[in-house]
Amino acid sequence: MTEKPRLSARIAAIAESATLKVDAKAKALQAEGRPVISYAAGEPDFATPEYIVEAALAATRDPRNYRYTPAAGLPELREAVAAKTLRDSGLEVGAGQVVVTNGGKQAVYQAFQVLLDEGDEVLVPTPYWTTYPEAIKLAGGRQVDVFAGADQGYLVTIEQLEAARTDRTKVLLFVSPSNPTGAVYAPEQVKAIGEWALEHGIWVVSDEIYQNLTYADDEDGVPPRAVSIVEAVPELANQAILVNGVAKTYAMTGWRLGWMVGPNDVIRGAANLQSHLSSNVSNISQRAAIAALTGPQDAVEEMRRAFDRRRRTIVAELSKIEGVTVPVPQGAFYVYPDVSGLLGREWGGATPATSLELADLMLEQAEVAAVPGEAFGPSGYLRLSYALGDGPLLEGIQRLQRLFG
Ligand SMILES: Cc1ncc(COP(=O)(O)O)c(C=O)c1O
């Protein structure tokens, strides 16, 4: 009798999250007592603002929150998300067009589950966030990479999208500000891409989780708006899903609260799926999210300013290393230097040929952790998160300056 594989082919094909892997390795070395400075984490280092924590504490004492609630989310939160969508994405939606999810990650997963049939193609601007390929694959979709390197500021053009389009193209993944590059599309670029998608009947899954974290060129300037694709092209609303959440803006990664917004049929489908998958998100987290979205936003601005300060430091210091090209990120909290100029050269007895090997060398020899470009697409890049304290942030880059000096 031929033995059956223990795992399904579908699950066996899933790659471990490379970003979590690097972070785990850095944490293991730290636990051994090594002074590792890690730029690997994808989360703010701040505490969740106090008024949000207070709302959650009150929620734990309220028996209304002890039971199952509607799978798609508490009505008050869905209202608050609809108001936020109008405020920040310029799209008027009803509360019925919102599904509250366990983080933006579940919203990404559900968006592809709802839209894709076997073999449908998804255009993915590359470098891309590590979860997209797996979510697309699990939905039976086929990912088509559209690569934009440092020389074009990591922004794809209409010409590139058009060259990648086929009869099977169903969805464009759009993310601005981007993880891993921090790139933000200008309003006119968003409009052009939205019009192109509309013209060809292509759905857009727009990941807006970093939309509140953008930075001006001048320290005291007004930060640019990351204009939503449905604000730039309102007619696209009937073929667009917006993905968002409180994790990055409110330093709430551990609370697991995100959402998706879309046309009624899509949202009904996603809510049905979620009703069999995970049901409602923890009511405590939902109450906390209501406070986050409807409360004072001063803490958000304070965190944004801190990220901006660190962004300036890391860009300036990395740029001093010969062989490293650093496009200036305008959003999120990542910098994505092109490090191909460091490859194939000898550093401390080793000659890294890829960014994966370079990242290993940095960890071994300088005790600095960063995620190699291979996690997000082609080799030759590193992702460094600047969501860490000013002191370690500077020290880690100084270690790299010495290693590559
Ligand atoms: C681009 C992007 N989208 C979505 C998410 C999902 O975040 P969460 O599931 O924590 O809400 C992340 C988190 O790293 C992200 O970087």
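With respect to the conditions (1) crowded, with 19+ Cβ neighbours inside 10 Å; (2) more than 30 Å from S385 (Cα to Cα), K84 lacks only one, and its number is (2). Taking helices (runs of 4 or more DSSP H) as the structural unit, those lying wholly within the range 207-305 and holding at least 2 residues that are within 16 Å of the ligand (Cβ to nearest atom) and surrounded by 20 or more Cβ atoms within 10 Å (Cβ to Cβ) correspond to 264-277, 283-294. Go through the residues of the range 255-264 one by one and say whether even a single one is within 16 Å of E50 (Cβ to Cβ), hydrophobic (A, V, I, L, M, F, W, C) and in contact with a helix residue (DSSP H, G or I) (Cβ under 7 Å, 6 or more places away or on another chain). For the range 255-264, residues within 16 Å of E50 (Cβ to Cβ), hydrophobic (A, V, I, L, M, F, W, C) and in contact with a helix residue (DSSP H, G or I) (Cβ under 7 Å, 6 or more places away or on another chain): present. Go through the residues of the range 237-254 one by one and say whether even a single one is more than 14 Å from the chain's Cα centre (by Cα) and of a type in the set (V, I, T). For the range 237-254, residues more than 14 Å from the chain's Cα centre (by Cα) and of a type in the set (V, I, T): present. Residues in the range 329-345 that are touching a residue at least 24 places away in the same chain (Cβ under 8 Å) and not in a helix (DSSP H, G or I): P329, Q330, G331, A332, F333, Y334, V335, Y336, P337, D338, V339, L343. Out of L115, L77, L91, report the one residue that is in contact (Cβ under 8 Å) with a residue 24 or more places away in the chain and within 16 Å of the ligand (Cβ to nearest atom). One residue alone meets the criteria, L77.
Scanning the range 203-248 for residues that are among the charged types (D, E, K, R) and under 25 Å from T101 (Cβ atoms) returns D207, E208, R225, E231, K248. Residue count for the range 172-206 satisfying the condition of being touching a helix residue (DSSP H, G or I) at 6+ places or on another chain (Cβ under 6 Å) and either in a loop (DSSP other than H, G, I, E, B) or β-branched (V, I, T) (or both): 3. Here G323 clears all of (1) in contact with a helix residue (DSSP H, G or I) (Cβ under 6 Å, 6 or more places away or on another chain); (2) more than 21 Å from L213 (Cβ to Cβ); (3) crowded, with 20+ Cβ neighbours inside 10 Å except the condition numbered (3). So which of V146, V175 is more than 16 Å from the ligand (Cβ to nearest atom), at pLDDT 95 or above, of a type in the set (A, V, I, L, M, F, W, C) and within 26 Å of E374 (Cβ to Cβ)? When all the criteria are applied, what remains is V146. Every condition in (1) surrounded by fewer than 17 Cβ atoms within 10 Å (Cβ to Cβ); (2) hydrophobic (A, V, I, L, M, F, W, C); (3) in contact (Cβ under 8 Å) with a residue 60 or more places away in the chain; (4) outside any loop (DSSP other than H, G, I, E, B) is met by A15 except one, and the failing one is (4). Being in the same structural domain as L384 (by TED's automatic domain parsing) and among the basic types (K, R) is the filter; apply it to the range 19-78 and report the residue that is surrounded by the fewest Cβ atoms within 10 Å (Cβ to Cβ). Going through the qualifying residues, I end up with R34.
Only residues that are within 22 Å of R142 (Cβ to Cβ) and hydroxyl-bearing (S, T, Y): list them for the range 1-40, please. Residues satisfying the conditions are S8, S17. What do you reckon, is K84 within 15 Å of the ligand (Cβ to nearest atom) and more than 27 Å from L20 (Cβ to Cβ)? It is true that K84 is within 15 Å of the ligand (Cβ to nearest atom) and more than 27 Å from L20 (Cβ to Cβ). Only one of the numbered conditions (1) β-branched (V, I, T); (2) in a loop (DSSP other than H, G, I, E, B); (3) within 24 Å of A12 (Cβ to Cβ) is not met by V156, and that is (3). When we screen T60, T2, T69, T48 for residues that are of a type in the set (S, T, N, Q) and within 16 Å of the ligand (Cβ to nearest atom), the only hit is T48.
The values are calculated or read from the model by the stated rules, or taken from the named source; none is laboratory data. Quantities reported herein were computed from a predicted structural model and do not represent experimental measurements. Cβ sites come from the backbone with ideal geometry, for glycine too, and all protein chains shown count toward neighbours.
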